[in-house]
Amino acid sequence: MKKIAFYGKGGIGKSTTTSALSAAVSLLGYKVMQIGCDPKADSTINLTNGRTVTPVMNHLKEHGSCSSLEEIAVEGYNGIVCVEAGGPTPGLGCAGRGIIAAFNILEDLRAFEVYQPDFVFYDVLGDVVCGGFAMPIREGYADEVIIVTSGEKMSLFAAGNIKKAIDNFADRNYARLRGIILNRRNIDDEGNIVRNFAQGIGAEIIGDIPRDNNVQFYEEKNKTVIEGNPDLNISRVVMEIARGIVGDKEESQ
């Protein structure tokens, strides 16, 4: 089992990218589990055709405890196990604590042993200042981190902060940086901007996703482009990135 945490600035398309990669990796024959680590609890909506996944924090607030995985997990597209951490009421409480509580519940219920995923994808809110959001890095939950960014200044600023957080725990054998996925916004010279940034922080660009209206088209239908139409160019790009992530280089030739 390999556990990968996806980080990036809010609004950069991280959840969309993570969900599309979950779908793609599942089509390559692997069992996938996606855990949304955002109080909005919308990470997996494109994997469930809009079906609600009860956030762990919501369930705890209503019932006080969680006795089974069926209460907080939904099986979505192609058998992907979908979980949402959730968080406090907006303006009240610490969202990072929601992540910690959700992880503890999944551990108590032996979620990984029950579902036996080959890959676990954590979709983590972009702010890593709070210890809760950094938990997948610092507590050893994730093996690797993938940063999703565009060439926009604030997106790269967030990516730089995420890299610093990873570096802070480098001597403890916590999650290492696998690479950067460029999710394009079509700004001027975007490719070179991100390549120079990646070189500056010693990172590899492992994916380059073009801007494509089909992404939004299928999101309106609560689907990823992989489910919507696997023959699209954008879907082929995502599949190629997925093959690189799982190490299935032969099929990508």
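Things worth noting here:
- Yes/no for ILE146 being under 23 Å from GLY131 (Cβ atoms) and in contact with a Phe, Trp or Tyr (Cβ under 6 Å, 6 or more places away or on another chain): yes
- Checklist (1) aromatic (Phe, Trp, Tyr); (2) assigned to a loop (DSSP other than H, G, I, E, B); (3) more than 26 Å from ALA159 (Cβ to Cβ) applied to PHE112, failing item: (2)
- Take the conditions (1) assigned to a helix (DSSP H, G or I); (2) in contact with a Phe, Trp or Tyr (Cβ under 9 Å, 6 or more places away or on another chain); (3) modelled with pLDDT of 95 or more; ILE181 misses just one of them, which is (1).
- Selection status of ASP231, among the acidic types (Asp, Glu) and either at positive phi or in a loop (DSSP other than H, G, I, E, B) (or both): yes
- Checked across region 159-169, the condition of being in a helix (DSSP H, G or I), within 14 Å of LYS14 (Cβ to Cβ) and of a type outside the set (Val, Ile, Thr) holds for at least one residue.
- Restricting region 129-156 to residues that are out of contact with any Ser or Thr (no Cβ under 8 Å at 6 or more places or on another chain) and among the small types (Gly, Ala, Ser) leaves a set whose member that is nearest to ILE241 (Cα to Cα) is SER150.
- For region 16-42, filtered to residues that are in contact with a Gly (Cβ under 7 Å, 6 or more places away or on another chain) and either at pLDDT 95 or above or β-branched (Val, Ile, Thr) (or both), the residue that is surrounded by the most Cβ atoms within 10 Å (Cβ to Cβ) is SER26.
- Only one of the listed residues (GLN199, GLN216) is of a type outside the set (A, V, I, L, M), under 23 Å from VAL237 (Cβ atoms), in a helix (DSSP H, G or I) and within 19 Å of the chain's Cα centre (by Cα). That residue is GLN216.
- Subset tally (residues that are surrounded by 19 or more Cβ atoms within 10 Å (Cβ to Cβ) and more than 21 Å from PHE6 (Cα to Cα)) for region 190-227: 1
- The one condition from (1) in contact with a strand residue (DSSP E or B) (Cβ under 7 Å, 6 or more places away or on another chain); (2) among the aliphatic types (A, V, I, L, M); (3) modelled with pLDDT of 95 or more that ILE45 does not meet is (1).
- A search for C-beta distances below 8 Å between a residue of region 93-118 that is on the phi > 0 side of the Ramachandran plot and any residue that is crowded, with 18+ Cβ neighbours inside 10 Å, counting only pairs 6+ apart in sequence or on different chains, returns GLY93/GLY87.
- Close pairs from region 136-158: first surrounded by fewer than 24 Cβ atoms within 10 Å (Cβ to Cβ) and part of a strand (DSSP E or B), partner modelled with pLDDT of 95 or more and among the β-branched types (Val, Ile, Thr), Cβ under 8 Å, at least 6 apart: GLU144/ILE4
- Evaluation of CYS82 against the conditions (1) over 20 Å from VAL148 (Cβ atoms); (2) in a strand (DSSP E or B); (3) hydrophobic (A, V, I, L, M, F, W, C); (4) touching a helix residue (DSSP H, G or I) at 6+ places or on another chain (Cβ under 6 Å) shows that the sole unmet condition is (1).
The values are calculated or read from the model by the stated rules, or taken from the named source; none is laboratory data. Values in this document were obtained by computation on a predicted structure and should not be read as measured data. Positions of Cβ are generated from backbone atoms using ideal geometry, with glycine treated the same way; all protein chains shown enter the neighbour counts.
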